Amino acid sequence: MANTTFNGPVRSQNGFQSITTNSTTGAVTVDATFGATTSVTNLTTTNLTTTNLVFTDQNHPTTAAINATATATAAEVATGYITSTSAAPTTITLPTGTALGAAISAVKGTVLDLYVDNTAGASTVTIAVATNGILSSAAADTPGSFGDLTIASGATGLARFTIMFSSATAYVFTRTA
């Protein structure tokens with residue numbers, strides 16, 4: 001098929017797909033789907049200084065609810081959004097670096113944003129790191145901001161944390177908002 005250039009928006013009711021076709025077998029592989037839910041399954045880089053690109057979905061179509069002191073599963077943290085509605089103080093311990101790394105196929109340089117929403121809670125939520133999870137130097141040096149691991153309840157009860165993998169099984173943890 002020939003290349004086509006459009007002047008103006010291109011619209012589709014069923015999304016778009018970027019594909020590759022195997023020249024030997026003719027098998028078609030979908031590399032990316034663009035639509036209501038955008039996904040990229042095969043990503044290659046050309047002339048970039050890094051090959052560890054991570055896309056984050058800020059819409060968080062799935063969330064995890066943790067309403068009592070517990071260790072979050074890797075799957076819960078991988079959603080990127082945890083809610084708590086507890087009336088009692090709650091501590092959420094993150095999974096080990098090995099478990100979380102395996103759940104999101106982490107490599108050195110992988111970054112995951114984790115939002116904790118305690119706006120419907122009646123008491124504080126505190127985040128704790130587990131084995132192979134360490135606080136960043138910014139968190140250790142300035143515990144009142146980057147190292148603040150307590151999320152208030154009510155209207156101000158939102159926090160964003162960044163989890164940066166230094167290897168496939170170890171992460172550095174920082175509060176970023």
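None of the figures in this text is laboratory data; all of them are computed from the coordinates on show. Remember, it's a predicted structure, so these values are computed and weren't measured experimentally. Cβ atoms come from the backbone with ideal geometry, glycine included; neighbour counts cover every protein chain shown.
Once phi is turned into ³J(HN,Hα) by the Karplus curve 6.51 cos²θ - 1.76 cosθ + 1.60 with θ = phi - 60°, what whole-Hz value does each residue of region 121-136 show in order, with x for glycine and proline?
3J(HN,Hα) across region 121-136, in whole Hz: x, 10, 8, 6, 10, 10, 9, 10, 8, 10, 4, 6, x, 10, 6, 5.
If you average the sequence gap of Cα pairs under 8 Å that are 6 or more apart and divide by the length of region 64-175, what percent do you get for the contact order?
Values: 298 pairs, mean separation 33.0, N = 112.
29 percent.
How would you rank Ser123, Ser105, going from fewest to most other Cβ atoms within 10 Å of each one's own Cβ? Could the numbers behind the result be given before it?
Details: Ser123 15, Ser105 9.
Ranked by crowding around the Cβ, least crowded first: Ser105, Ser123.
How far apart, in nm, are two points set 7 Å out from the Cα along the Cα-to-Cβ line at Ser18 and at Ala122?
Spacing of the two 7 Å Cα→Cβ label points: 5.0 nm.
Amide H of Ala65 versus every other amide H placed in the peptide plane: which residues, excluding those fewer than 5 positions away on the same chain, fall under 5 Å?
Long-range HN contacts for Ala65: Thr83.
Tabulate in residue order the Karplus-calculated ³J(HN,Hα) for region 22-30, using 6.51 cos²θ - 1.76 cosθ + 1.60 with θ = phi - 60°, rounded to whole Hz; enter x for Gly and Pro.
5, 5, 8, 9, x, 5, 9, 10, 7
Mind sorting Phe161, Phe146, Phe6 by how few other Cβ atoms lie within 10 Å of their own Cβ, fewest first?
Phe6, Phe146, Phe161
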